[in-house]
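The values are calculated or read from the model by the stated rules, or taken from the named source; none is laboratory data. Please read all numbers here as calculations on a predicted model, not as lab measurements. With ideal geometry, Cβ positions are generated from the backbone for all residues, glycine too; neighbour counts draw on all protein chains shown. What goes into the accessible areas is simple: the full protein's heavy atoms, side chains included, and nothing from ligands, DNA or RNA. Shrake-Rupley method; radii C 1.70, N 1.55, O 1.52, S 1.80 Å.
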Amino acid sequence: MTEFVDGWIFGHTLGEGAYGEVKLVINKSTGEAVAMKMIDLLKHPDARQTVKKETVIHRMLSNPNIIQYFGKRSEPNMEYIFLEYASGGELFDRIEPDIGMPAWEAQKYFKQLISAVEYLHSKGIAHRDLKPENLLLDENDNLKVSDFGLATIYRLQGKERYLEKRCGTLPYVAPEVLLHPYHAEPADIWSCGIILVALLAGELPWDQSLAECPEYMAWRDGKYMSLTPWKKLDNSSLSLIKNILIHSPSARCTIKDIKKHRWFVKKFQRAGTIEGYIRPDETNSRQVLEDENLTRFCLSQPELPTTENANAVQINLEERPGFSFSQPAHIEDLLLCTQVQTKFTQASQQNTFQRLVRRMTRFFVKTELDETINRLVNCLKNESYNCRINNVGTITVSTMDRRKMPLVFKANIVEMDGKILVDFRLSKGCGLEFKRRFVKIKSLLEDIILKGPVTWPIAVATECMP
């Protein structure tokens, strides 16, 4: 843990985005923390306008199902954005590949997603990259919409405009976005429908919603009932999805229609607590119009340069109650040293730091560190993955997914309380495809994986302190 500015320290990278990385920044005295999103303008000179638009939009938003924005600092060659941390992890990690999740749980998250999107649309804002990788969970398991890098204003002072920018992640993009100028709201609603399919079935229905995609044409022509994922769904959920995934945006159901549908209002067994819809605060009317010259087509998170260095800059973090984290952390960022923990004065904040983010993509092994690394590297090579390892036990794995798109993930090998933890995290590509690959790799290492329930230890790593 190194000093960032006086009283604040930061650790390793928390997450990766289109133009930079996110680092955890912690107050040594109080344990308060924020996520610092760093955008290197030397590497991405086109990002300056995008960051400006993203932060102006973020300042307009205040909703329990949207990641909170704390502030921004600009330097000549770097932009810093400070955000909330969703300590519950990523929504896609709750989705079992090819299985999905229980209906009550899917309904809970879908309701919270619709609440957030309804709020955004009430503000005249379109997200334009809704997908499970951009939906995070807080410590109470409530959904938080994140990543507003592609968001834009489509309605200003009651006047709505068509959008022209072709952007998003292909399997989640509405057909009209790929073909011609489009209305914002139906396009976001389409993405919500694809997310619902992923939640309930654990797979995506097609690679893209175009005529050249046979899976999409089978859906559009009504010849889908014998195909997956549709045969996994019950009549009620399928009815809702059919009303959302209508090719013509003018015929597509609205959020008002969705909220009246029988699947949406049904009380499932073990229904979770659902945040009620919060009416938008209309007092903040600051608006920003998009620079449509930013025509870069975005496809999930790109792989970033390997540099970890960042120059310390002077920041002024205003006093705010109850800071939480931001984007899900690599395992090492949540394993704080005893010496640092003793400086935290609030027990609830200590618990936040000491708890591991709940994720499916990790396991403990019986083997020692060196043997674990050798077994994992050999397994990856036998499966024809490209991989490289650094000197701190992180293996970066790269391949192409079924859509011929890049897929990059990392495996961190960490010593914890006398055990070895293998912790996988997606860097770039489709979350569901990453989960499928993880399941296969885990099965190949079955003989060295510790079986039975594991009590997640609190990290005590005194050697990590200087």
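Details
- In the context of the full set of protein chains, the range 15-77 has a per residue accessible area of 36 Å² (1.4 Å probe).
- The simple Förster model, with R0 at 51 Å and r as the Cβ-Cβ distance, assigns residue 211 and residue 450 a FRET efficiency of 0.55.
- Here the accessible area of the range 146-272 is 50 percent carbon and sulfur, with a 1.4 angstrom probe and all protein chains present.
- In the complete set of protein chains, residue-level accessible area for residue 92 is approximately 10 Å², probe 1.4 angstrom.
- Taking amide H atoms as placed 1.01 Å from N in the peptide plane, the amide H of residue 365 lies under 5 Å from those of 420, 422, 450, each 5 or more residues away in sequence or on another chain.
- Across the range 213-230, computed HN-Hα scalar couplings (Karplus, 6.51 cos²θ - 1.76 cosθ + 1.60, θ = phi - 60°) run 9, x, 5, 5, 5, 5, 5, 5, 8, x, 10, 10, 5, 8, 9, 8, x, 5 Hz from first to last residue, x flagging Gly and Pro.
- Contact order normalised by residue count of the range 164-239, Cα under 8 Å, 6+ apart, percent: 25 percent
- Zero-based 5 Å bins, Cα pair distances in the range 51-129, whole percents: 3, 11, 19, 19, 18, 13, 9, 5, 2, 1
- The order of 176, 368 by accessible area, most exposed first and with a 1.4 Å probe, is 368, 176.
- Using the Cβ-Cβ distance between residue 419 and residue 270 with R0 set to 22 Å, the FRET efficiency from 1/(1 + (r/R0)^6) comes to roughly 0.10.
- Farthest positive-ward along the range 50-188 dipole, Cα basis, beta-carbon charges - from 92, 152, 106: 152
- Ellipsoid fit via the Cα gyration tensor, the range 56-205: semi-axes of 24, 21, 14 Å, each the root of five times an eigenvalue, largest first.
- This model, with +1 at the C-beta of Lys and Arg and -1 at the C-beta of Asp and Glu, gives the range 131-237 a dipole about its Cα centre of some 340 debye.
- Computed FRET value (nearest 0.05) for residue 74 with residue 141, which takes r as the C-beta separation and R₀ as 35 Å: 0.50
- Inter-site label distance for residue 360 and residue 156 at 7 Å from Cα along Cβ, in nm: 4.3 nm
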